[in-house]
Amino acid sequence: MVFESIVVDVLNRFLGDYVENLNRSQLKLGIWGGDVVLENLILKQNALEELNIPVQTVYGHLGKLVLKIPWKNLYGASVEATIERLFLIVNPIAEIKYDPEKEEKMALAAKQAELARVEEAKKKEAEKDQNKLDETFVEKLVTQIIKNVQLKITDIHVRYEDSITNPKAPFSFGITLHNLSVHTTDENWKQTVIQEAVTKIFKILSLEGLAIYWNPATELYSKSDVQNIKSRLQTEIATKSSQPSFYKYALGPINATAKLKLNPKPEGDTPKFSIPKVILNLHMEQLSVSLTKSQYQDMMLLADSMDRMSKGAPYRKYRPDLKTYKGHYKEWWHFAYKCILEEEVRRRRNNWDWDHMVAHRQLCKDYASAYQNKISCKGKVPSESQCIIDKAEKTLDLFNLVVIRQRIEMEVERLGKLEAEAKKSRGWFSGWWSGNSSNDEDLTEGVAIMKQFEKAMTPEEKEKLFRAIDYQENTAPLHLPAEYVAVEGHFRLDRLTLAVTDASELLRACLETVALDLRQRPSANALRYRVRTPSAPRPHRIRAALAPHSHRARTT
């Protein structure tokens, strides 16, 4: 079946970017068997690299990852995903000793990731003028996925520790989550397993112990042994019944419940279009926001420190491994001198050196030729071309790489058009013998989800999928009436608390029972919302009609 291969590929690419000790063969066997259980995974140091902030992971542990896929009854049974005990400790990069090999590998990985993002952006831009996605198919497929997925996440603790920003009083802050679960229920909101076709889908989300803490002048867990770190991070997660007394929470802990009702076929209601496609009810018990003077001071210091670390990142390789300036003035003056000499004087002189310019120009030409071979050849890239590509991507900066790639891609496209025109000019006689067949490989990958499935699935599998999600090909998209309310949302907050403290409490504000109702009519591009609070004798009612070509909004 095609789905096993797709899932293996996606998990390999996703987990491979974050997990250090991933057993790919074990993962593949588990997927094909329908039950993946991965335990005690170690997260990479550059796991948070995509955030583009000057931090590194010094401790990363994923206790358990479970994925159960019922291949024999994929469209009827539930797909279960479980994540347990995800612990992270992050430090600013200034705290981590400079390692040339690691830094070089991380810089290359970052450059390649940025190149991949540029290529993805270009691909999406090129697909704008091509066939639009079959929105009905996508919507039904997403509905089917939501219907079958059961998700459970327990014990998440991500902690940032900083002894550089304020050496006299190191601080830490983090995010904790005790439990997040998403389950399918019946119409009475009792957990169940759907075994047959249903007209309505009910999901319930439970959230427990989501909190953000900020501890000024705290102990640094990263200095402890691994077993002690793991134990402390797990036991210091807030729950409904308990929370660490020495944690200063800036937000939460938050406990909430959300109920989602999906109506996949509103045209089948009696009467038609009488029930919204999406009804969401979110109930939050309490939302507490607190800020102390020391927390505010640490936040301001951290913002300034992050800026300085970002600016100082290129000079880390010259920095002496010393904590203080006292007694080491000569070393620090030599550091300042070397930064200016290497990054300003010698770099400028080297850029205008004739031998350097010739070598740079030749490398650009070699990279252009090798990259053209890579995108032109259908099979494996020749080893010689791949070596040139690796060397160039390691040496050249991002700007040069993007410009060269763009130029070569335009040249390949131009040559392709010339070749296509030459084939057409051969006349009807050659066309008679060659036929009018089209090559599926010429299609741009990702043009439409339908085309991806047509390429990946057999006709029998495609028919089974369409039957499972109740989709028919070549049917006109569903037209929603202008007055139809497709999305309805209700949010209720029992208690909101705001507090500002110094040595004593300076400000405390409380608000009881806040309710927000929201209704959307997509065909009319209209949105209506209503906010209710006990302080207002009459509930506020604001109705806005949003027209795409109108400069005025009507309110009543």
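Each reported figure results from applying straightforward, stated rules to the coordinates on display, with no laboratory input. Small disclaimer: the values here were computed from a predicted structure and weren't measured. Counting neighbours? That spans all protein chains shown, and the Cβs are built from the backbone with ideal geometry, glycine included.
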Descending packing, highest mean Cβ count within 10 Å first, for 251-258, 88-95, 398-405 is 88-95, 251-258, 398-405
Segment 323-343 scanned against label point 7 Å out from Tyr315 along Cα→C-beta; backbone N under 14 Å for 331-343
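For segment 288-380, compute Rg over Rh where Rg is the Cα radius of gyration and Rh is the Kirkwood radius from the inverse mean 1/r over Cα pairs. Numbers along the way, then the final one.
Details: Rg = 22.9 Å, Rh = 18.4 Å.
Over the Cα atoms of segment 288-380, Rg/Rh equals 1.25.
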Of the listed links Lys64/Lys147; Lys230/Lys391; Lys190/Lys248; Lys230/Lys259; Lys293/Lys338; Lys223/Lys317, those spanning more than 30 angstrom between alpha carbons are Lys230/Lys391; Lys190/Lys248; Lys230/Lys259; Lys293/Lys338
Two pseudo-spin positions, 7 Å from Cα along C-beta at Ala121 and at Lys423, lie apart in nanometres by 3.3
For Leu43, other-chain or 5+-apart residues with amide H closer than 5 Å (H placed, Pro excluded) are Glu20, Gly60, His61, Leu62
Distance in Å, no decimals, from the C-alpha centre of segment 487-526 to the one of segment 259-274 is 29
Distance in nm between Leu220 and Val149 label points, each 7 Å along Cα→Cβ, equals 3.9
